[in-house]
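Here is the structure we will look at, set down as structure tokens.
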Amino acid sequence: MARVPVILTVNGAEQAEFVEPGALLVDLLRDKLHLTGTRTGCGQGTCGACTVLVDGEPVLSCITLAARANGTAVTTVEGIATGGVLHPLQKAFAEGFAAQCGFCTSGMIVAARALLDRNPDPDRAAVIDAISGNICRCTGYEPIINAILAAATDQRRTKSA
Ligand code: FES
Ligand code: FES
């Protein structure tokens, strides 16, 4: 089958690839661009491990065709830190022991980043809602929710300083 061109920006860098028409975004990111921070868990849109941002919106890359990302800007967990400095979310996850096995962590951080981008001062309910599509089998969610709230506070403090 003829491959189709996909030109997109990933973590600020323009990328051009040819993919099978049915290729998935997660496979483009992991296999062709070697951005393996994005996880494949269920592969059917139920666990959230594969969450990336497409034009700022959280998307499940395991059920998104790579061709659909043509012309978009994609952010993966590798693009969350800037210039080698951890994002407040990454710092808060590390300091708050919000990752145990770590399998869900990149999807959680990406989903939380989308939340903080649209709502810098979320309450607990908003955080729970934002990660409601992301499954964690280890932490019981409390450390993750607390880390996201701590990151929001940290981010607001930094911006107002
Ligand atoms: S791997 Fe995509 S939702 Fe589970
Ligand atoms: S830390 Fe193991 S699945 Fe969340």
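The values are calculated or read from the model by the stated rules, or taken from the named source; none is laboratory data. Quantities reported herein were computed from a predicted structural model and do not represent experimental measurements. Methodologically, a virtual Cβ is constructed for each residue, glycine included, from the backbone with ideal geometry; neighbour enumeration extends over all protein chains shown.
Test Ala111 against the stated conditions and say whether it is within 16 Å of ligand 1 (Cβ to nearest atom), in contact with a helix residue (DSSP H, G or I) (Cβ under 8 Å, 6 or more places away or on another chain), in the same structural domain as Thr38 (by TED's automatic domain parsing) and not charged (D, E, K, R). Lay out the reasoning, then the answer.
On the way: within 16 Å of ligand 1 (Cβ to nearest atom): yes; in contact with a helix residue (DSSP H, G or I) (Cβ under 8 Å, 6 or more places away or on another chain): yes; in the same structural domain as Thr38 (by TED's automatic domain parsing): no; not charged (D, E, K, R): yes.
No: the conditions fail for Ala111.
As a summary of the residue check, Gly71 satisfies the conditions (1) outside any loop (DSSP other than H, G, I, E, B); (2) in the same structural domain as Gln15 (by TED's automatic domain parsing) except for the one numbered (1).
Considering only the range 104-161, give the helices (runs of 4 or more DSSP H) lying wholly within it that have at least 3 residues that are hydroxyl-bearing (Ser, Thr, Tyr). Quick ask: steps written out before the conclusion?
On the way: elements: 105-118, 124-130, 142-160.
Where helices (runs of 4 or more DSSP H) fall fully within the range 104-161 and carry at least 3 residues being hydroxyl-bearing (Ser, Thr, Tyr), they are 142-160.
One residue alone among Ala16, Ala49 is closer than 16 Å to Gly71 by Cβ and outside the structural domain of Gly102 (by TED's automatic domain parsing), and that residue is Ala16.
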